[in-house]
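The values are calculated or read from the model by the stated rules, or taken from the named source; none is laboratory data. No experiment lies behind these values; they were computed from the predicted model shown. Quick reminder, even Gly has a Cβ in these numbers, built from the backbone with ideal geometry, and neighbours come from all protein chains shown. Ligands, DNA and RNA are stripped out before the accessible areas are found, and what is left, the full protein with its side chains, is counted by its heavy atoms. Shrake-Rupley method; radii C 1.70, N 1.55, O 1.52, S 1.80 Å.
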Amino acid sequence: MWVPWWWWPIGLGVAALLAAELHMGAPGMYAWLPYVLLLPVPIWVLTWLSRSRVEVVDGELVVGRAHLPVDVISRGVVVPESAKSAAMGRQLDPAAFVQHRPWVRTMALVVLDDPEDPTPYWLVSTRRPAELLAALGCDESGRKDDPTRK
């Protein structure tokens, strides 16, 4: 979930501007030092912001460092951009697990069926929520495909 492409030139431009300000204040032998020290900072920050991954691996939903077994998921739904503010605002359960990235417009809501877990659902930012739910085994109505259920 990379940050938008236009954040990169803005971040590098701000770092270059700050380095140029420092360069003007201390010209001489070490004038290059602010550029060397400050230009990598936005690259590191934007890479760090983009580090989160959402994937289904070996029967688990993996969101960053959090893992959820697929068999405790009862259903899942796509949260479109138009419903995102309501899902993140007044309708949000304080006990829910939320992984939100503001620059990702859509989300997936995964409802849990685990009596031992106080978390009612996971709300996860993803650019392809329908594909994520399909990988979790949810059909188009949001219900979990269960081969034992008739």
Neighbours by Cβ (under 6 Å, 6+ apart or cross-chain): first from region 49-66, surrounded by 14 or more Cβ atoms within 10 Å (Cβ to Cβ); second charged (D, E, K, R): Val62/Glu55
statement: Of the listed residues (Ser52, Ser85), the one being of a type in the set (Ser, Thr, Tyr), part of a helix (DSSP H, G or I) and at pLDDT below 90 is Ser85
query: Is it the case that Pro9 is under 30 Å from the mean Cα position of the chain (by Cα), surrounded by 10 or more Cβ atoms within 10 Å (Cβ to Cβ) and not in a loop (DSSP other than H, G, I, E, B)?
result: yes
- request: State the number of residues belonging to region 95-111 that are open to solvent by less than 20 Å² (accessible area, probe 1.4 Å) and either among the charged types (D, E, K, R) or assigned to a strand (DSSP E or B) (or both).
  value: 4
- prompt: Of the numbered conditions (1) out of contact with any Ser or Thr (no Cβ under 8 Å at 6 or more places or on another chain); (2) without any contact (Cβ under 8 Å) to a residue 24 or more places away in the chain, Val98 satisfies every one except a single condition; which is it?
  reply: (2)
task: Just give me the residues in region 55-80 being more than 23 Å from Trp5 (Cα to Cα), among the acidic types (Asp, Glu) and part of a strand (DSSP E or B), in sequence order.
output: Glu60
message: Filter region 21-36 down to the residues that are in a helix (DSSP H, G or I) and surrounded by fewer than 13 Cβ atoms within 10 Å (Cβ to Cβ) and list them by number.
response: Glu21, Met24, Gly25, Val36
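Results for (1) of a type in the set (Val, Ile, Thr); (2) modelled with pLDDT of 90 or more; (3) touching a helix residue (DSSP H, G or I) at 6+ places or on another chain (Cβ under 9 Å), shown as yes or no for each residue.
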position	(1), (2), (3)
Ala96	no, yes, no
Arg101	no, yes, yes
Asp114	no, no, yes
Asp117	no, no, yes
Arg127	no, yes, no
Gly137	no, no, yes
